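Visitor: Take a look at this one; I'll ask things after.
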Amino acid sequence: MLTRRQNLLETIRGGNPDRFVNQYEAFAMVIANPYSADNPKPTYGGPEVVDKWGVTKRWPLGTPGGFPVHDEAHIVCKDVAEWRKYVKAPEIPTSDETWAPFVKEVDKIDRNEYFVTAFMAPGIFEQCHYLLEIQNCLINFYEEPEAMHELIDYITEFELKYAEQLCKHFHPDAIFHHDDWGSQKSTFISPAMFEEFYLPAYKKVYGYFKDHGVELIVHHSDSYAATLVPYMIDMGIDIWQGVMTSNNIPELIQKYGGQISFMGGIDSASIDFEGWTPEVVEAQARRACTECGKKYFIPGASQGLAMSTFKGVYEATTEAIDKMSKEMF
């Protein structure tokens, strides 16, 4: 029997996996580090918090994650043309002493079985609209392109500094990076605009990781983004996690399998709701596995971590995928 790590590599390389990679089972997710541990995060149903970028966030009950508060009083960057006046990137801790307790925990992970996976969120696009408010952000691509390029470059430099410390201290095998690039039906910006504004930034960040020993780039975008797959390949993404059914996943696998793999296929909204049942979960897992096949595909819920909004859904999905492995392998 292959280890979880071996089985994932066989799957994404078009080899001979002996079962489905079951959701996040191959990734030992490392979320805690000196920067993230000191950066306030909203809790489910908890109070609003202000993060180190000055963004106010809340996580309402019944929703899959936290999100910025964007009434007029809480928008950080009121005018992107004057972004330097409003936006100040946090400092990333660099001392070995500060990182030591977190390194100690990483050293406990069995790298033969798991990919030590450093977690980064939000991504470059998300950080832009967290600071600006999303409608303002999208308008600014048209009305203030020069300022948007400058802001993106500034955020990219922050991510590169973060990447440097993650690589130096954790030596991660994989990176799991959040950045939602669309709704369920469309990308937020056109492919041409994405290529202009975000492809260069991500080539720098993901290129840095690859140049410093990171084997896998896993990018989360639980959205429609099929038209961006060529850019994902160009920027070095190995696995697109969160791929939803609106993307026609079998077609993407046929067209791009071998260049990139796809993780998801089970829209979280279709299974993770009040009143969910194991039968609903199993039906969605069966559809995903039979439609998408055994190679270049990792079945799982589209949500961007090993969790669910409603208790028991993630575990039921794991059981359903195990059942499909027994049937199909």
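The values are calculated or read from the model by the stated rules, or taken from the named source; none is laboratory data. Quick caveat, the model's predicted, so the values are computed rather than measured. Positions of Cβ are generated from backbone atoms using ideal geometry, with glycine treated the same way; all protein chains shown enter the neighbour counts. Each accessible area value is taken on the protein alone, full model and side chains, heavy atoms only, with ligands, DNA and RNA left out. Shrake-Rupley method; radii C 1.70, N 1.55, O 1.52, S 1.80 Å.
Visitor: Which is open to solvent by 30 Å² or more (accessible area, probe 1.4 Å) and in contact with a Phe, Trp or Tyr (Cβ under 8 Å, 6 or more places away or on another chain), of Phe102, Phe170?
Guide: Values: Phe170 fails: open to solvent by 30 Å² or more (accessible area, probe 1.4 Å).
Exactly one of Phe102, Phe170 is open to solvent by 30 Å² or more (accessible area, probe 1.4 Å) and in contact with a Phe, Trp or Tyr (Cβ under 8 Å, 6 or more places away or on another chain), namely Phe102.
Visitor: Kindly indicate whether Lys78 is more than 30 Å from Tyr256 (Cα to Cα) and open to solvent by 60 Å² or more (accessible area, probe 1.4 Å). Lay out the reasoning, then the answer.
Guide: On the way: more than 30 Å from Tyr256 (Cα to Cα): yes; open to solvent by 60 Å² or more (accessible area, probe 1.4 Å): yes.
So Lys78 fits the description; yes.
Visitor: Sticking with this structure for a sec: Would you say Cys137 is in contact with a His (Cβ under 8 Å, 6 or more places away or on another chain), hydrophobic (A, V, I, L, M, F, W, C) and part of a helix (DSSP H, G or I)? Show your work before the answer.
Guide: Working: in contact with a His (Cβ under 8 Å, 6 or more places away or on another chain): yes; hydrophobic (A, V, I, L, M, F, W, C): yes; part of a helix (DSSP H, G or I): yes.
So Cys137 fits the description; yes.
Visitor: Specify the residue that is farthest from Arg5 (Cα to Cα); the eligible residues are those in segment 105-120 that are surrounded by 19 or more Cβ atoms within 10 Å (Cβ to Cβ) and in contact with a helix residue (DSSP H, G or I) (Cβ under 9 Å, 6 or more places away or on another chain). Before the answer, list the steps.
Guide: Going residue by residue through segment 105-120, those that are surrounded by 19 or more Cβ atoms within 10 Å (Cβ to Cβ) are 106, 114-120.
In the following step, the residues that additionally are in contact with a helix residue (DSSP H, G or I) (Cβ under 9 Å, 6 or more places away or on another chain) were identified as 106, 114-116, 118-120.
Details: Val106: 16, Tyr114: 5, Phe115: 6, Val116: 10, Ala118: 15, Phe119: 18, Met120: 21 Å.
Restricting to residues being surrounded by 19 or more Cβ atoms within 10 Å (Cβ to Cβ) and in contact with a helix residue (DSSP H, G or I) (Cβ under 9 Å, 6 or more places away or on another chain), the top hit is Met120.
Visitor: Could you tell me how many of the residues in segment 270-329 are open to solvent by less than 50 Å² (accessible area, probe 1.4 Å), part of a loop (DSSP other than H, G, I, E, B) and small (Gly, Ala, Ser)?
Guide: 5
Visitor: Looking at segment 169-197, I want the residues that are within 19 Å of Phe67 (Cα to Cα) and have a partner that is open to solvent by less than 50 Å² (accessible area, probe 1.4 Å) and of a type in the set (Asp, Glu) with Cβ atoms under 6 Å, at least 6 apart or on another chain. Which pairs are those?
Guide: That search, which allows pairs on different chains as well, returns Asp179/Glu126.
Visitor: Same structure again: Among the helices (runs of 4 or more DSSP H) confined wholly to segment 190-255, which include 2 or more residues that are more than 21 Å from Glu150 (Cβ to Cβ)?
Guide: Values: elements: 191-197, 199-211, 229-235.
Output list reads 199-211, 229-235.
Visitor: Another one. So is Glu91 at pLDDT below 95, among the charged types (D, E, K, R) and more than 24 Å from Leu216 (Cα to Cα) or not? First the steps, then the outcome.
Guide: Details: at pLDDT below 95: no; among the charged types (D, E, K, R): yes; more than 24 Å from Leu216 (Cα to Cα): yes.
For Glu91, the condition - at pLDDT below 95, among the charged types (D, E, K, R) and more than 24 Å from Leu216 (Cα to Cα) - is not met.
Visitor: Among the residues of segment 213-225, is there at least one that is under 26 Å from Ala285 (Cβ atoms) and of a type in the set (S, T, N, Q)?
Guide: Yes: one or more hits.
Visitor: Follow-up. Among (1) at pLDDT below 95; (2) closer than 26 Å to Ser268 by Cα, there is one condition Ala73 misses while meeting the rest; what is its number?
Guide: (2)
Visitor: Let me ask you something else. Could you grab the pairs with beta carbons closer than 6 Å, sequence gap of 6+ or different chains, first residue in segment 101-127 and over 30 Å from Asp153 (Cα atoms), second one in a strand (DSSP E or B) and acidic (Asp, Glu)?
Guide: Note: no pairs meet the criteria.
Visitor: Within segment 223-247, how many residues are closer than 16 Å to Phe119 by Cα and either open to solvent by 50 Å² or more (accessible area, probe 1.4 Å) or among the β-branched types (Val, Ile, Thr) (or both)?
Guide: Of the residues in segment 223-247, the ones closer than 16 Å to Phe119 by Cα are 237-242.
Adding the requirement that they be either open to solvent by 50 Å² or more (accessible area, probe 1.4 Å) or among the β-branched types (Val, Ile, Thr) (or both) leaves 237, 239.
Adding up the residues that qualify gives 2.
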